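The values are calculated or read from the model by the stated rules, or taken from the named source; none is laboratory data. In this text the structure is predicted, and so the values were computed from the model without any measurement. FYI the Cβ positions are ideal-geometry reconstructions off the backbone, even for glycines, and counts take in every protein chain you see. These accessible areas exclude ligands, DNA and RNA; they are computed on the full protein's heavy atoms, side chains included. Shrake-Rupley method; radii C 1.70, N 1.55, O 1.52, S 1.80 Å.
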Amino acid sequence: MGAKKKNELDVPIYLFHQGSNARSYEFLGAHITKVGRVSGVVFRVWAPNAAAVAVCGGWNDWNACADPMEKVSDGGVWERFVPNVGAGELYKFAVTTKKGSVLLKADPYAFHNETRPATASIVYSPEYTWNDGAWMAARRETDMRARPLNIYEVHLGAWRRYPGGSFFDYRKTAEELSEYVLNMGYTHIELMPVTEYPFDGSWGYQCLGYFAPTSRYGAPEDFMYFVDLMHQKGIGVIMDWVPAHFPKDSYGLADFDGAPCYEYKNPLMGERPEWGTKVFDFGRSEVRCFLISSAMYWLEQYHIDGIRADAVSSMLYRDYGRQGQNWERNRFGGRENLEAVSLLRSLNAAVAESYPGVMMIAEESTAWPEVTKSGGRGLGFTFKWNMGWMNDTLAYMSLDPVFRAYNHDKLTFGLVYAFSESYILPLSHDEVVHGKKSLINKLPGNYEEKFDGIKTLFAYMTCYPGKKLLFMGQEFGQFIEWDEDREIDWLLLQYEKHEKLQKFVRVLNRLYLTRKELWNEPEGWNNFAWASCDEAGRNAVALRRTDSSGELLCFFSFCPNPNLNFTVGVPEGSRWQLILSSDDEQFGGEGAVLPAALTAKPLSAAAAEAYAKAPAANAAEPGTAAVAAEATAANFVPVPQEICGQPAAVSIDLPPRCAVIYKRIYR
């Protein structure tokens, strides 16, 4: 069958085959239209290796011969106009391979799909009137790197369910989730994938419907309502998106036309063995258009505020997951996947140009340089998940306090690279599944000690450089691991400790929102300073967060015992006022009395004071001044002239396992 030219398609199809059509969904897929006076649907699909393609559905009794498609480009785009077919019709493509077999395939560009286990695509043209104009206008002028970003990560099917276990739909979830997020003080939600996917147990990370919100929770307009309502209430929506790989389901993308099409042809590149999935061919022009168009579609049609690209590390390295196996080097002999690098740069550039203010976020777990830089070697993302901070911090927190002194670097090393990228600190779903335990249950100690520890962890995260992300259920101390088959354990809020932990997180979130010192990351090292970083034996650190609007002094004790006379470096002459203690009774603590204010003392004066307090040896003879003085000198530990570069200090007695925050007083 010869290729036929269609004038109105010449440019978009040419750009598609060149790899530079960022909106290929505008002509591929199923589009309701008119030819002359006849209404119907024009179907188009890319199947370059097919011998023939037909479209079948309910209107032709799924007859694979009734509506053959015409090849309209040498690169393999097929087309068919079917009259008197409209919205709601089910359809698939019947693809005849070069070997003569017929494959029934769902439409890769479908805007709506049947709910699993059914697999057909649905002719659909979403119609919705948006009411988020103010949000969208403000977003275009906003750089989230210089704004507070506190993300609540959610799986829509497991946040809330009806008593019988059935899902909330998009609209009911929007109404309840928006109120909860507002009350808790989060700025954004991040949705685990809502792109249509066949297997619930994949949580959406093995998806096939790259242009369709999952029908588990309703129709496309219902998801539009979800995003719209969030925006009207001042909440941003980030979605997880999977550009790295896809599942092998027979009706999906794998061997779409009887041969590798969306995946690499090279068997050393085309599969991800550890996940049982296919790897996109990042260098193929039409695949690049498919992926970039998918991202652009969600931003354009659903007003999404950010896209977190999943498994970016697996894209960047040709040997990822293949250690000890055969893999193929790039043309320069290296392990970098240069095609994936090019794709990611093109994707991020396209988004930045068309949708200013939208965040592109990388889940990237290696030391790949300049992930959040543009130009040169940069990949052009807005943010990168700080997996190093997450791994080190949770490893430290999971240790018995006896061993924490020997792992103090897990608290401090992250500052070596904290400002090398624009980071998000993720305590995500990945850390509370597959035997890893929930966050609170990772921590050592008894019931009460676990709550003290998790409050200290959350406060440390809030005060540490980087934006914030917390997975649902951890804010009130869910003890069991997350399970996608049930809602999170809201019943725990009947218990005082859980309710008070949730209250602490709410207060902490509002502190983050109102204190610019905690989120003005573009200032880099001008925004952060250690106040004490080498007291490994105390299991404690202190830091200062600074901005033109003010300064905070933050103490963290991970020790099971009181930390007495903890002395930290501060600017000379500074005064500090207590604003938060995790040990407060309202948060389930013991209510230890802390000084309402601290005043810096020059370290020379502090040294004299410390000498005067140094204990004389018990063996000193009563009344023998010389012996007592000698014992005092022997037990005295000299105070340095500076602590973390500061000539002055404050001292405090910290309760066990607690976080304490002071603000600087300037009057």
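Evaluated over region 415-478, the count of Lys pairs having alpha-carbon atoms less than 20 Å apart is 9 (only pairs 8 or more residues apart or interchain).
Annotation: amide H-H contacts under 5 Å for Ile643 (H modelled 1.01 Å from N, sequence separation of 5 or more, or interchain): Ala648. Over the chain, DSSP H runs of length four or greater, each weighted -39,500 (n - 2.57), average out per residue to a 222 nm ellipticity of -7500 deg cm²/dmol. Helix 338-354 and the longest principal axis of the Cα set of the chain meet at an angle near 90°.
Let's test the formula: R0 of 45 Å, r as the Cβ-Cβ distance of Glu642 and Phe332. What FRET efficiency results, to the nearest 0.05? Write down the numbers at each step before the final one.
Values: r = 48 Å, r/R0 = 1.07.
Once the sixth-power term is evaluated, E becomes 0.40.
Could you sort the peptides 126-137, 561-572 by per-residue average Cβ neighbour count (10 Å cutoff), highest mean leading?
Details: 126-137: 13.3, 561-572: 18.2.
Top to bottom by mean Cβ count within 10 Å: 561-572, 126-137.
Other residues whose C-beta falls under 12 angstrom from the C-beta of Ala120 contribute a net charge of -1, scoring Lys and Arg +1 and Asp and Glu -1.
With unit charges on the beta carbons (Lys and Arg positive, Asp and Glu negative) and the dipole taken about the Cα centre of the chain, which residue among Leu149, Gly537, Asn337 sits farthest to the positive side? So the residue furthest toward the plus end is Asn337. Against the main long axis of the alpha-carbon atoms of the chain, helix 170-184 sits at an angle near 20°. Note on region 383-501: Cα-only Rg and Dmax are 14.5, 43 Å. Diffusion of region 191-246 by Stokes-Einstein, at 10 °C in a medium of 1.306 mPa s and with Rh set to the Kirkwood radius over alpha-carbon pairs, works out to 134 µm²/s.
Aspartates and glutamates within cross-link reach of Lys497: Cα-Cα under 17 Å, excluding same-chain residues under 8 positions apart? Reachable aspartates and glutamates: Glu448, Glu449, Asp452, Glu475, Asp489, Asp583, Asp584, Glu585, Glu590. Towards the positive end of the charge dipole of the chain, with charges on Cβ (+1 Lys, Arg; -1 Asp, Glu), say which of Tyr423, Phe199, Ala648 has the farthest Cα. Towards the positive end, the residue furthest out is Tyr423.
Any idea how far the Cα center of region 329-388 sits from the one of region 37-88, in Å? Between the Cα centres of region 329-388 and region 37-88 lies a distance of 37 Å. Among 184-192, 272-280, sorting by the average number of other beta carbon atoms lying within 10 angstrom of each residue, highest first, gives 184-192, 272-280. For Glu336, the residues whose modelled amide H falls within less than 5 Å of its own, excluding neighbours fewer than 5 places apart on the same chain, are Arg318, Asn330. Of all lysines in the structure, the ones whose alpha carbon falls short of 24 Å from that of Lys98, not counting any fewer than 8 places away in one chain, are Lys4, Lys5, Lys71, Lys248, Lys265, Lys278.
Counting only Cβ charges, +1 for Lys and Arg and -1 for Asp and Glu, the dipole size of the chain around its Cα centre is about 1060 debye. Database note for the chain: Cys without another Cys beta carbon under 4.7 angstrom, Cys56, Cys65, Cys207, Cys261, Cys289, Cys533, Cys559, Cys644, Cys658. Within the chain, DSSP assigns beta bridges of which about 75% are antiparallel (rounded to the nearest 5). Computed 3J(HN,Hα) for region 139-149, one whole-Hz value per residue from the Karplus formula 6.51 cos²θ - 1.76 cosθ + 1.60 where θ = phi - 60°, is 4, 4, 9, 10, 9, 5, 5, 10, 10, x, 9, glycine and proline marked x.
On a per residue basis, region 1-92 carries 48 Å² of accessible surface, using protein heavy atoms and a 1.4 Å probe. For Lys99, the aspartates and glutamates whose Cα falls under 18 Å of its own Cα, not counting residues fewer than eight places away in the same chain, are Asp255, Asp257. Sequentially through region 367-374, phi angles give Karplus couplings (6.51, -1.76, 1.60; θ = phi - 60°) of 9, 3, x, 6, 4, 9, 10, 10 Hz, Gly and Pro residues having no value and appearing as x. Think of region 461-519 as a dipole: +1 on every Lys or Arg Cβ, -1 on every Asp or Glu Cβ, centred on the Cα centre; then among Gly477, Thr462, Trp490, Thr462 lies furthest on the positive end. Between Ala66 and Val11, the modelled label-to-label distance comes to 3.7 nm, taking each label 7 Å out from Cα in the direction of the beta carbon.
The tail of the calculated P(r) for region 211-336 beyond 25 Å holds 36 percent of all Cα-Cα pairs. Charge dipole (Cα centre; +1 on Lys/Arg Cβ, -1 on Asp/Glu Cβ; no other charges) of region 245-386 amounts to roughly 460 debye.
Scaled against the 2.2 N^0.38 Å expected of a compact globular protein of N residues, the Cα radius of gyration of the chain reads 1.13.
Descending by average beta-carbon neighbour count within 10 Å, the peptides 397-406, 161-170, 88-97 line up as 88-97, 397-406, 161-170, the highest first.
Residues whose amide H falls under 5 Å from that of Arg308, counting only those 5 or more places apart or on a different chain, are Met239, Asp240, Trp241, Ile361, with hydrogens built in the peptide plane.
Couplings for region 250-257, taken from phi via the Karplus curve 6.51 cos²θ - 1.76 cosθ + 1.60 with θ = phi - 60°, read 5, 8, x, 7, 4, 6, 4, 10 Hz in order; Gly and Pro are left as x. As a length-normalised measure over Cα pairs under 8 Å and 6 or more apart, the relative contact order of the chain settles at 10 percent. Available extension along the chain between Lys99 and Ser548 is 154.6 nm, counting 0.36 nm per residue and deducting the alpha carbon span.
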